[in-house]
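Engineer: Structure in structure tokens, see below.
The values are calculated or read from the model by the stated rules, or taken from the named source; none is laboratory data. Here the structure is a predicted model, which means the values were calculated and not measured. Cβ: placed from backbone, ideal geometry, glycine included. Neighbour counts: every protein chain shown. Ligands, DNA and RNA are excluded from the accessible area calculation, which covers all protein heavy atoms including side chains. Shrake-Rupley method; radii C 1.70, N 1.55, O 1.52, S 1.80 Å.
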Amino acid sequence: MTVLILGGTSEAAALDQLLAEQAPEIRAVISLAGHTSDPRPLSLPTRTGGFGGITGLRQYLIDEGVVAVIDATHPFAAIMPYHAEAACKAEGVPLLAIRRESWKPQAGDRWKSVPDIDAAVEALGNEPRRVFLTIGRLELPHFFAAPQHEYLIRVIEPVNDLPLPHAKVLQQRGPFEADAEEKLMREEGTEVLVSKNAGGPMTLGKLVAARRLGLPVIMVERPPKPDVETVEHIDQVLPWLVAQGLFVTERGV
């Protein structure tokens, strides 16, 4: 029997450690999309790459004897959560999604919420601005349509040959503390921050720094997700597995 974890978040990595330490009898496999070439090392067996759509995922569930799926994909994963819902429903496999709480604006924040990346590009306007982009490597091409701005771009993966005349790339991995973020924005003369509403503590510091500096934030909100059973924290996963009859702890909880 196998528990499949669809990874891509810090919650997936933490769940990896939790299962390895507290439930070593569970055979769990973490699946990564492969967008990051050097992911953090994990304790559990890992597979990388897609499944081949819903049909491929269904076949994987059958071939590997998967008895439960934990969706710990990134909050901005728009396709895999729906594939997981469809495949699990078709094969009768229980599915649980871990969805961290989104960030909410606080007193002093100057947020403009937008529904997607294209709307974020439009919200920057036509006048040149010094923009701190923290939206990841895959979304960068959307900003090629607005080359008038001066961009500070932070990514985990390297990027090359950007068709932007004024762009500086920082290749860094979080967490990022608020004091360091404030110092960076001051030094770079940042005028506006563009962020995805990923939630969680790892990159919250940039929002605190923007608040301190009185900077506007263009916040890209999350895509819709399927209506499946959901928890916010990894410590709710083992009780869920127990409730599914898949795991029994020494305390019976």
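Engineer: Name the pairs: first residue in region 70-98 and more than 13 Å from Glu11 (Cα to Cα), second residue open to solvent by 50 Å² or more (accessible area, probe 1.4 Å) and outside any loop (DSSP other than H, G, I, E, B), Cβ to Cβ under 6 Å, at least 6 apart or on different chains?
Structural biologist: These pairs meet every condition: His83/Ile54; Ala86/Ile54; Ala87/Ile54; Ala87/Arg58; Ala90/Arg58; Glu91/Arg58.
Engineer: Next up: From the list Asp63, Asp16, pick out the single residue that is among the charged types (D, E, K, R) and surrounded by 15 or more Cβ atoms within 10 Å (Cβ to Cβ).
Structural biologist: Asp16
Engineer: Quick check, is Glu221 open to solvent by 20 Å² or more (accessible area, probe 1.4 Å), over 30 Å from Thr2 (Cα atoms), out of contact with any helix residue (DSSP H, G or I) (no Cβ under 9 Å at 6 or more places or on another chain) and in contact (Cβ under 8 Å) with a residue 24 or more places away in the chain?
Structural biologist: Yes, satisfied.
A quick yes/no check of all residues on (1) in contact with a helix residue (DSSP H, G or I) (Cβ under 7 Å, 6 or more places away or on another chain); (2) of a type in the set (Val, Ile, Thr); (3) surrounded by fewer than 15 Cβ atoms within 10 Å (Cβ to Cβ):
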| residue | (1), (2), (3) |
| --- | --- |
| Thr134 | yes, yes, no |
| His142 | yes, no, no |
| His166 | no, no, yes |
| Gln171 | no, no, yes |
| Gly174 | no, no, no |
| Glu187 | no, no, yes |
| Val194 | yes, yes, no |
| Asn197 | no, no, no |
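The rows are residues; the columns are (1) open to solvent by 30 Å² or more (accessible area, probe 1.4 Å); (2) closer than 24 Å to Pro224 by Cβ; (3) modelled with pLDDT under 80.
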{"site": "Val3", "(1), (2), (3)": "no, no, no"}
{"site": "Ala23", "(1), (2), (3)": "no, no, yes"}
{"site": "Ala28", "(1), (2), (3)": "no, no, no"}
{"site": "Ala33", "(1), (2), (3)": "yes, yes, yes"}
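Engineer: Quick check, is Ala107 part of a loop (DSSP other than H, G, I, E, B) and either of a type in the set (A, V, I, L, M) or closer than 14 Å to Leu4 by Cα (or both)?
Structural biologist: For Ala107, the condition - part of a loop (DSSP other than H, G, I, E, B) and either of a type in the set (A, V, I, L, M) or closer than 14 Å to Leu4 by Cα (or both) - is met.
Yes/no per residue for (1) assigned to a loop (DSSP other than H, G, I, E, B); (2) more than 22 Å from Ala210 (Cα to Cα); (3) within 20 Å of the chain's Cα centre (by Cα):
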| residue | (1), (2), (3) |
| --- | --- |
| Gly125 | yes, no, no |
| Pro128 | yes, no, no |
| Pro141 | no, yes, yes |
| Phe144 | no, yes, no |
| Tyr151 | no, no, no |
| Glu157 | yes, yes, yes |
| Asp161 | yes, yes, no |
| Pro165 | yes, yes, no |
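Engineer: Testing Tyr151 on (1) open to solvent by less than 30 Å² (accessible area, probe 1.4 Å); (2) touching a Phe, Trp or Tyr at 6+ places or on another chain (Cβ under 6 Å), one condition comes back false. Which one is that?
Structural biologist: Here Tyr151 meets the rest and fails (2).
Engineer: Output the number of residues of region 78-128 satisfying the condition of being open to solvent by less than 40 Å² (accessible area, probe 1.4 Å) and among the aromatic types (Phe, Trp, Tyr).
Structural biologist: Count: 1.
Engineer: Still on this structure, I have one more. Where residues in region 82-99 are of a type in the set (A, V, I, L, M, F, W, C) and in a helix (DSSP H, G or I), which of them is nearest to Arg58 (Cα to Cα)?
Structural biologist: Here the residue is Ala87.
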